[in-house]
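Written out below as structure tokens is the structure these notes cover.
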Amino acid sequence: MPDEPYEPERAIAGTGMGGQMDLAASEAVTLEKMPRGPDGTERPAGRPRSLWSDAWHDLRRNPVFILSGLVILFLVVISLWPSLIASGNPLQCDLAKAQEGSQAGHPFGFNGQGCDVYTRTVYGARTSVAVGVCATLGVAVLGSVLGGLAGFFGGVWDALLSRVTDVFFAIPVVLGGLVLLSVVTSNSIWPVIGFMVLLGWPQISRIARGSVITAKQNDYVQAARALGASNSRMLLRHIAPNAVAPVIVVATIALGTYIALEATLSYLGVGLKPPSVSWGIDISAASPYIRNAPHALLWPSGALALTVLAFIMLGDAVRDALDPKLR
Amino acid sequence: MRGATHAKWVACATAAALAATACGGGGDGGGGAGGEVLSSSWGDPQNPLEPANTNEVQGGKVLDMVFRGLKRYDPETGAAEDMLAEKIETTDQQNFTITVKDGWTFSNGEKVTAKSFVDAWNYGAALKNNQRNAYFFSYIQGYDKVHPEKGEQSADTLSGLKVTGERTFTVALAQKWSTFPDTLGYNAYVPLPRAFFDDHDAWLAKPVGNGPYTVQSYTRGSQMSLRKWEEYPGPDKAQNGGVDLKVYTDNNTAYTDLMAGNLDLVDDVPAAQLRNVRSDLGDRYLNTPAGIIQTLAFPYYDKNWGKEGMDKVRKGLSMAIDREQITETIFQKTRTPATDWTSPVLGADGGYKAGLCGDACEYRPDEAKKLIQEGGGLPGGQVRIAYNADTGSHKDWVDAVCNSVNNALDNDRACVGNPVGTFADFRKQITENKMTGPFRAGWQMDYPLIQNFLQPLYYTNGSSNDGKWSNAEFDKLVDEANAEDDTAAAVERFQQAEEVVRDNMAAIPLWYQNGSAGYSERLSDVRLNPFSVPVYDQIKVG
């Protein structure tokens, strides 16, 4: 827990982010948090609150979080059960209907191959969410383990890891994708996820390293060390819980960007390949037909934009709640 | 704020990537010295421009501008007419005496003589030079010594070729071949200057020929600049100052550049724009019949596709393709469903026979499913149709063919497209025998004879027999057909050979393709020849 009051800061940021509704929410927060302990740390009425319950308390009242959360919940549900809202088969196409517009049973019309755009857009969410979530998990786990260990132990391994992350930071993502993924012939999502993890972990690892270094200098860690606690105990019990917040924040925001990256790579023909259903593939296929069938381009593009926006806004809200100093 | 910074950065990269593919290419139109220069869309050729090593369309386009051979095919009718040949005489259809016209030179000043041809042909035939078109010399006596099937060559020159004077040479064939003179307009048979042999690398960097244009510069992946050769001695002098052939990796980009005024001529109108092209270009859009057939070829060197009983699978695949629907919807009727393995431009007398393919080329989904099951099913449960993604809107039709196959087989993953970035890479993979499934095989005729639609493609070790199909009966019928004196009898034999192709479904015929082109307001007198190549030398600029 930070040992200085940060109430006013929070209220200001709330105004900036969410407008009037948010201001009202922040005021409620401020009022509720009025009682303070002798050390200046905020205290809710009654029992003490951890960083996490404090953040959750904050998030619940953030309309940005609620809105983006609902969109993401919806995306996750249709990713798991697309047939809930789309009864067709995204791979079944009738060329006779190519480029036709909206009609009964096919609200988004048909693309250049006569496939139902609505069905394909719904099924496209699955790959996007799967790639985004898997890549983020991979990056977060790999990055925080490597970065955390390097930050905790320091020395040669830390220096080595820092140089390695420098090397990875220097690789342009799209160029790297064109080079590495163009040799892959498989059309599963794993090569794409693997590529994102490969190029994404250094970012998390730097953040994890930094926050572990900060956390390990805290008095209670020193105290644990003086009492003879083992390295693993110190890491798991005292450092990790206090260092993980920035990782979660960055990972949440990165999730949206991984979805956009998947679409970019698929658009360029090196990401997912047909018969996988992906928004990037559909955008690429529909772009030459923009003059005659703009709907085939606009729906998947719109879905992609909305999804990325939702994840980035969610990340912003989580960041505000978890790490007010970053504002 | 690392997180937010990162987010912006990827978003920008996304936008940049989308923008980059949408507007690659482009550039300035540019007039050079000596008359107005026009720009035209193009793709990199597979190989350096050795005439006997160029058997693909993009390289052939340049050779046709830089070289002139003994014969030339009339840009209007396709008939073979004398160009450098003064006369080609024979009494027995097997021994020919060829006289070269006087007054022709290469653009470096060297005279074109009988020796220019004989040296070029010997070079093209020799095994050690590894020329893709070597096979075109295989009927000349001595070919088995110069280009044995196994081992090293035991002679450097074809014994059937003899220079008998400065402008005359004789050709002795190993068997009768009545239409041999008509094939001599193909670019494998053009003459070559001494510079080609004396300083080969310099020649490859900047080819020297005897045609109406000269090569000024070539940057792979970007542009080839051709300029009018002012002293060109032939009758078909260039009517413009030159042609800049610009490399495009997407025909949609080329079309957009044409509309934006950055490009003068597009000889490959993208399928996606066919609905708009008439309103966009009006009478500056050309759509004329051409000697092109699109087929799906198979890798017979692959153990899955080469095994017995696969003919049923191939026939089944053919019957699973709804050619009518695809040519109508994807190509807006600029293609016609194929019912044989030749082209309507040959005419019925020339060997085109509508309906020769019969039921096997009709859309019969139920029978298709049954045949494929009888043949043991698709190898690995899935076909991957390989194609090049840069020209011809191949993605559009390959996807449509796959959807048609999937619908017929009731399996939405039975067929999937397998794109290769550029035509040159695609050809390279094919000629290195790296295909593992059916692949797109468009055939643009080299000369308007039925022989050219069959022999190079299906004869054992034919120059463009990319799938390595081999059938003794077919080979025998083709040899017999070539030996016929009478054209009608020869055509009949060739059609019998074609029936062998049909019975084995050596390749799946898809559709006959029209030549299509669009051009800017700066140009006039733009035409496509029966090979679908623009007649560049006749185009007027301004």
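Residues being crowded, with 21+ Cβ neighbours inside 10 Å, more than 10 Å from chain A (Cβ to nearest Cβ) and among the small types (Gly, Ala, Ser) are represented in the stretch B:368-375 by at least one member. Only one of the numbered conditions (1) within 17 Å of the chain's Cα centre (by Cα); (2) open to solvent by 10 Å² or more (accessible area, probe 1.4 Å); (3) within 14 Å of chain A (Cβ to nearest Cβ) is violated by B:ASN388, and that is (2).
For the stretch A:213-230, name all the residues that are in a helix (DSSP H, G or I) and not acidic (Asp, Glu).
Of all residues in the stretch A:213-230, those in a helix (DSSP H, G or I) come to A:213-216, A:219-226.
Answer for the stretch A:213-230, where residues must be in a helix (DSSP H, G or I) and not acidic (Asp, Glu): A:ILE213, A:THR214, A:ALA215, A:LYS216, A:TYR220, A:VAL221, A:GLN222, A:ALA223, A:ALA224, A:ARG225, A:ALA226.
Of the residues A:VAL77, A:VAL131, A:VAL139, which is part of a helix (DSSP H, G or I), within 25 Å of the chain's Cα centre (by Cα), at pLDDT 90 or above and surrounded by fewer than 18 Cβ atoms within 10 Å (Cβ to Cβ)?
Values: A:VAL131 fails: surrounded by fewer than 18 Cβ atoms within 10 Å (Cβ to Cβ); A:VAL139 fails: surrounded by fewer than 18 Cβ atoms within 10 Å (Cβ to Cβ).
Every option except A:VAL77 fails the conditions.
Scanning the stretch B:348-362 for residues that are open to solvent by 70 Å² or more (accessible area, probe 1.4 Å) and over 30 Å from B:ASP267 (Cβ atoms) yields B:ASP359, B:GLU362. Close contacts from the stretch B:422-436, counting a first residue that is open to solvent by less than 60 Å² (accessible area, probe 1.4 Å) and a second that is among the polar types (S, T, N, Q) and assigned to a helix (DSSP H, G or I), with Cβ to Cβ under 7 Å and a gap of 6+ residues or different chains, come to B:PHE423/B:GLN58; B:MET435/B:GLN429. Taken as a whole, the structure places A:THR119 among residues that are closer than 23 Å to B:ALA408 by Cβ and assigned to a helix (DSSP H, G or I). Selection of the stretch B:62-73 for residues being touching a strand residue (DSSP E or B) at 6+ places or on another chain (Cβ under 8 Å) and closer than 15 Å to B:PRO181 by Cα yields B:LEU70, B:LYS71, B:ARG72, B:TYR73.
Residues in the stretch B:143-162 that are open to solvent by less than 90 Å² (accessible area, probe 1.4 Å) and within 12 Å of B:TRP121 (Cα to Cα): B:TYR143, B:VAL146, B:THR157, B:LEU158, B:SER159, B:GLY160, B:LEU161. Yes or no: the stretch A:216-234 includes at least one residue that is aromatic (Phe, Trp, Tyr) and over 23 Å from the mean Cα position of the chain (by Cα). Yes, because at least one residue in the stretch A:216-234 is aromatic (Phe, Trp, Tyr) and over 23 Å from the mean Cα position of the chain (by Cα). Applying the set (1) assigned to a loop (DSSP other than H, G, I, E, B); (2) closer than 20 Å to B:ASP525 by Cβ; (3) in contact (Cβ under 8 Å) with a residue 24 or more places away in the chain to B:VAL243 leaves exactly one unmet item: (1). Do we have B:ILE450 as in contact (Cβ under 8 Å) with a residue 60 or more places away in the chain, buried (at least 19 other Cβ atoms within 10 Å of the Cβ) and away from chain A (no Cβ under 14 Å) here? Spelling it out, B:ILE450 is indeed in contact (Cβ under 8 Å) with a residue 60 or more places away in the chain, buried (at least 19 other Cβ atoms within 10 Å of the Cβ) and away from chain A (no Cβ under 14 Å). Yes or no: the stretch B:498-509 includes at least one residue that is open to solvent by 10 Å² or more (accessible area, probe 1.4 Å), out of contact with any Asp or Glu (no Cβ under 8 Å at 6 or more places or on another chain) and hydrophobic (A, V, I, L, M, F, W, C). No, there is no match, as no residue in the stretch B:498-509 is open to solvent by 10 Å² or more (accessible area, probe 1.4 Å), out of contact with any Asp or Glu (no Cβ under 8 Å at 6 or more places or on another chain) and hydrophobic (A, V, I, L, M, F, W, C). Taking the criterion of being of a type outside the set (Gly, Ala, Ser) and either more than 14 Å from chain B (Cβ to nearest Cβ) or surrounded by fewer than 13 Cβ atoms within 10 Å (Cβ to Cβ) (or both), the residues of the stretch A:83-98 that qualify are A:LEU84, A:ILE85. In the set (1) farther than 29 Å from B:PRO438 by Cα; (2) crowded, with 22+ Cβ neighbours inside 10 Å, the condition left unmet by B:GLU492 is number (2).
Suppose we filter B:SER516, B:SER470 for residues that are in contact (Cβ under 8 Å) with a residue 40 or more places away in the chain, among the polar types (S, T, N, Q) and assigned to a loop (DSSP other than H, G, I, E, B); which single one remains?
Matching residue, one of B:SER516, B:SER470: B:SER470.
Applying the criterion of at least 1 residues that are within 14 Å of chain A (Cβ to nearest Cβ) and open to solvent by less than 30 Å² (accessible area, probe 1.4 Å) to the helices (runs of 4 or more DSSP H) found wholly in the stretch B:276-347 leaves B:277-281, B:323-329. When each of A:GLY109, A:GLY151, A:GLY101 is tested for being surrounded by 24 or more Cβ atoms within 10 Å (Cβ to Cβ) and in contact (Cβ under 8 Å) with a residue 60 or more places away in the chain, the lone residue that passes is A:GLY151. Determine whether B:GLY234 is within 21 Å of the chain's Cα centre (by Cα), in a loop (DSSP other than H, G, I, E, B), surrounded by 14 or more Cβ atoms within 10 Å (Cβ to Cβ) and modelled with pLDDT under 95. For B:GLY234, the condition - within 21 Å of the chain's Cα centre (by Cα), in a loop (DSSP other than H, G, I, E, B), surrounded by 14 or more Cβ atoms within 10 Å (Cβ to Cβ) and modelled with pLDDT under 95 - is not met. Scanning the stretch A:175-204 for residues that are within 22 Å of the chain's Cα centre (by Cα) and more than 12 Å from chain B (Cβ to nearest Cβ) yields A:SER188, A:ILE189, A:TRP190, A:PRO191, A:VAL192, A:ILE193, A:GLY194, A:PHE195, A:VAL197, A:LEU198, A:TRP201.
Screening B:THR105 with (1) touching a Lys or Arg at 6+ places or on another chain (Cβ under 7 Å); (2) of a type outside the set (D, E, K, R); (3) free of Cβ contacts under 8 Å to residues at least 12 places away in the same chain gives one miss only, at (3).
Quick grid of which residues meet (1) of a type in the set (S, T, N, Q); (2) more than 9 Å from every other protein chain (Cβ to nearest Cβ); (3) in contact with a Cys (Cβ under 9 Å, 6 or more places away or on another chain); (4) closer than 21 Å to A:ILE207 by Cβ:
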| site | (1), (2), (3), (4) |
| --- | --- |
| A:ILE259 | no, yes, no, yes |
| A:SER276 | yes, yes, no, no |
| A:SER287 | yes, no, no, no |
| A:LEU298 | no, yes, no, no |
| A:ILE312 | no, no, no, yes |
| A:VAL318 | no, yes, no, yes |
| A:LEU322 | no, yes, no, yes |
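Given the criteria modelled with pLDDT of 90 or more, surrounded by fewer than 16 Cβ atoms within 10 Å (Cβ to Cβ) and within 21 Å of A:VAL133 (Cα to Cα), does A:LEU67 qualify? Taking the combined requirement at face value, the residue satisfies it. Scanning the stretch B:91-140 for residues that are aliphatic (A, V, I, L, M) and within 22 Å of B:GLU432 (Cα to Cα) yields B:ALA125, B:ALA126, B:LEU127, B:ALA134.
The values are calculated or read from the model by the stated rules, or taken from the named source; none is laboratory data. Predicted model, so just to flag it, every value in this text is computed and none were measured. No Cβ is skipped: glycine too gets one built from the backbone with ideal geometry, and neighbour counts run over all protein chains shown. Just so you know, the surface numbers come from the protein's heavy atoms only, side chains and all, with ligands and any DNA or RNA stripped out. Shrake-Rupley method; radii C 1.70, N 1.55, O 1.52, S 1.80 Å.
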